[in-house]
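Single-structure report; data block below.
Readers should treat all values here as calculations from the given coordinates under stated rules, not as data from a laboratory. This structure is a prediction, so every number in the text was calculated from the model and none was measured. Every residue, glycine as well, gets a Cβ built from its backbone with ideal geometry; the counts of neighbours run over all protein chains shown.
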Amino acid sequence: MPAGWWTRKRHYFLYVVREFTALPLALWLLWLLVEIKRAGDGPARYSPHGSTAFVVFSVIVLLFALYHSVTFLSLTGVIIRVKLFDRPLPSGLISLAMFVLWAVASVVIGFVLIWFGR
Amino acid sequence: MPEKRITIKATRYDPEKDEKPHLQSYEIPFYDESMVVLDALNYIKSDVDGSLSYRWSCRMGICGSCGMMVNGTPKLTCNAFLRDYWPQAIVVEPLNNFPIIRDLVIDMEDFMHKLKSIKPWIIRKQEIPLGAGEHRQTNEQIDDFRQFSQCINCMLCYAACPVYGLNDEFLGPAAIALARRYNLDSRDQGLKQRLPVIGDSEGVWECSFVGECSVVCPKGVDPAKAIQQTKLDTTMRFVLPYGNRE
C-alpha cells in the first residue's frame, strides 16, 4: 500500500479525517484530567487555563468531537439490529433514536455541570 | 462518420521477463454503446494481442471472475460500460492488494483459504434425514440473511479495503459477510465453530469501518454492516449472562 492511499478517494479521506479527530480529542481529555487534578487542591488555589490558544484549541476539538459523534451515530443504524414483532426496525429510526439520546444526555450533563458548578 | 475509438491501458506483467508490472496502451474500435471493459479486453485478446491474460467467464455479473481495477476503482469489467469513460482512456489493472500472477490475473489463494476457514456451508449438530422433509423457513427468517447470500466472491471488497491492504492477515469483508450469512440462517447451528475465526483479532476486530467494501460491491451486499453487527453480537455474547446460550 502506498503511503498516500487515503488521498486516492474522497471516501478514504473522510475515513482518515474521522479517525484523526479522535487524536486531538484524546489530547484535550488528557488536559481535562490535569485540570481536574489541579482543581483537587481546592477552589482557592485553582484558576482555569484560559489562554486564547487553549480556547481556540478547545473550539477546534469541539468541532472534531461533533464530527466524530455525528459520523458515529449515523452509522449506528447500520450496526444495531432491533426487531419489533419479528420485523427489524428501519435503520433511520435507530439512528434518530441515538441522536435524540445524545441530545438528551448532553442537556442532562450540561444541567448537572452548571447546577453543581454554581 | 469516422469510427469511434477508445484507448485501453492494460497492465502487462510476465514474471519471467519483467521486473515489475507496466501499462500497455491499445486503441480499439468502440463500435457499440453496450460495449463493456471486458468486451474491450476480449477484442484486444482476439484481434490485437493474444498474449494478454485475464480471468472471465459468465459476462453477466454472476460468476465474479472478471473483477479488475478500472481507473483505480474495483469493478466487474463485464459491468463497466465504455460509454461511461469515453473519450478518456481507461486504465485496467489487476485487483489491488493481491499478488499478480500475470498481466491482469491475481493470485486468489489467500482469499480461498480465508473463505474456507469460515465454513461457508450449513452446519447441523445432527443431520435431519432427507425423508423427514425440508428445513422450512419463514420470509422473515430468509430476510435476515438474504442480502449476505448474494456475494459472488468477486473479491472487489478486498481490493477496496485499505485494512486488508495494510494487513493481509485480516479475514476480510466477503469472508465475514458469508460467515454472517450462515450464522443468521435459522437452519444453521455452526456459530460456535465459526466464532474462533471471526472473533479473532484478525477477524472482525481488525476492521475499522472504512466502509468502501460496501460501496464497491456489485451485488449490493453490505459487508461493513455484517462486520459491525458481528462485533456487536460477539460482544453481547461475552458481556450478557445469557450470551453464550445456544
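Summary of packing: across the peptides B:91-101, B:182-192, the per-residue average of other C-beta atoms within 10 Å ranks them, highest first, as B:91-101, B:182-192. Excluding same-chain neighbours fewer than eight residues apart, the aspartates and glutamates reachable from B:Lys114 by a Cα-Cα span under 19 Å are B:Asp168, B:Glu169, B:Asp200, B:Glu202, B:Glu206, B:Asp222.
Extents of the protein assembly as shown, largest first, come to 87, 66, 42 Å (Cα atoms, principal axes, whole angstrom). The phi-based Karplus calculation (6.51 cos²θ - 1.76 cosθ + 1.60; θ = phi - 60°) puts the 3J(HN,Hα) values of the range B:218-227 at x, 10, x, 6, 10, x, 4, 5, 4, 5 Hz, whole numbers, x for Gly and Pro. Projecting label points 7 angstrom from Cα along Cα→Cβ for A:Ser58 and B:Trp86 puts them 6.2 nm apart. Dividing the C-alpha radius of gyration of the range B:49-194 by 2.2 N^0.38 Å, with N its residue count, gives 1.26.
Amide hydrogen proximity for B:Val36: with H placed 1.01 Å from N in the peptide plane, the residues at 5 or more positions away or on another chain lying under 5 Å are B:Leu82.
A simple spin-label model places the labels of A:Ala65 and A:Ser51 2.1 nm from each other, with each point 7 Å out along Cα-to-Cβ. Shielding by partners for peptide B:201-211, expressed as the average number of C-beta atoms from other protein chains within 10 Å of each residue's C-beta, is 2. Per-residue shielding of A:86-93, expressed as the average number of other chain Cβ atoms within 10 Å of the residue Cβ, stands at 1. On the beta carbon distance between B:Leu23 and A:Trp5, with R0 = 25 Å, the FRET formula returns roughly 0.80.
Considering helices alone, the calculated mean residue ellipticity of the protein assembly as shown at 222 nm is -13500 deg cm²/dmol, with DSSP H runs of length four and up weighted by -39500 (n - 2.57) and normalised per residue. If you plug the beta carbon distance of A:Leu33 and B:Arg5 into 1/(1 + (r/R0)^6) with R0 = 45 Å, you get a FRET efficiency near 0.10. Derived value for the range B:5-106: Kirkwood hydrodynamic radius 13.5 Å. Basis is the mean of 1/r over every pair of different alpha-carbon atoms.
Taking amide hydrogens as placed 1.01 Å from N in the peptide plane, the amide H of B:Ile101 sits under 5 Å from those of B:Ile106, B:Asp107, each at least 5 positions away in sequence or on another chain. Classify the range B:109-239: rounded, prolate or oblate, from the alpha-carbon gyration tensor (a ≥ b ≥ c, eigenvalue square roots; a/c under 1.5 rounded; otherwise prolate if a/b is larger than b/c)? Note, shape of the range B:109-239 comes out prolate.
Contact order, relative form, for the range B:109-239: 32 percent (alpha carbon pairs under 8 Å, 6 or more residues apart, mean separation divided by residue count). Relative intensity of chain B on a log10 scale, I(q)/I(0) at q = 0.09, 0.10, 0.17 Å⁻¹, equals -0.47, -0.57, -1.20, per a Debye sum over C-alpha point scatterers of equal strength in the absence of solvent.
Protection proxy ranking of A:75-87, B:146-158, by the mean of other Cβ atoms within 10 Å over each peptide's residues and highest first, is B:146-158, A:75-87. Cross-link partners of B:Lys20 among lysines, defined as those whose alpha carbon lies under 21 angstrom from its own and excluding same-chain residues fewer than eight positions apart: B:Lys9.
Whole-Hz Karplus values for the range A:39-48 come out as 5, x, 7, x, x, 5, 9, 9, 10, x Hz, taken residue by residue from phi with 6.51 cos²θ - 1.76 cosθ + 1.60 and θ = phi - 60°; glycine and proline positions read x. For the range A:5-117, the equivalent ellipsoid derived from the alpha-carbon gyration tensor has semi-axes of 34, 23, 10 Å in decreasing order. In order along the range A:61-75, the Karplus-derived 3J(HN,Hα) couplings, from 6.51 cos²θ - 1.76 cosθ + 1.60 at θ = phi - 60°, round to 5, 4, 4, 4, 5, 5, 4, 4, 5, 5, 5, 5, 5, 5, 7 Hz, and Gly and Pro are given as x. Peptide A:16-22 has a mean shielding of 1, counted as Cβ atoms of other protein chains within 10 Å of each residue's Cβ. For the range B:174-246, the convex hull spanned by the alpha carbon atoms encloses 86 Å³ per residue. With the charge dipole of chain A set up from +1 on Lys and Arg Cβ and -1 on Asp and Glu Cβ about the Cα centre, the Cα lying farthest toward the positive end among the listed residues A:Trp102, A:Phe57, A:Val17 is that of A:Val17. Pairs from the list B:Lys192/B:Lys225; B:Lys116/B:Lys225; B:Lys75/B:Lys116; B:Lys119/B:Lys225; B:Lys4/B:Lys75; A:Lys9/B:Lys116 with a Cα-Cα gap above 26 Å: A:Lys9/B:Lys116.
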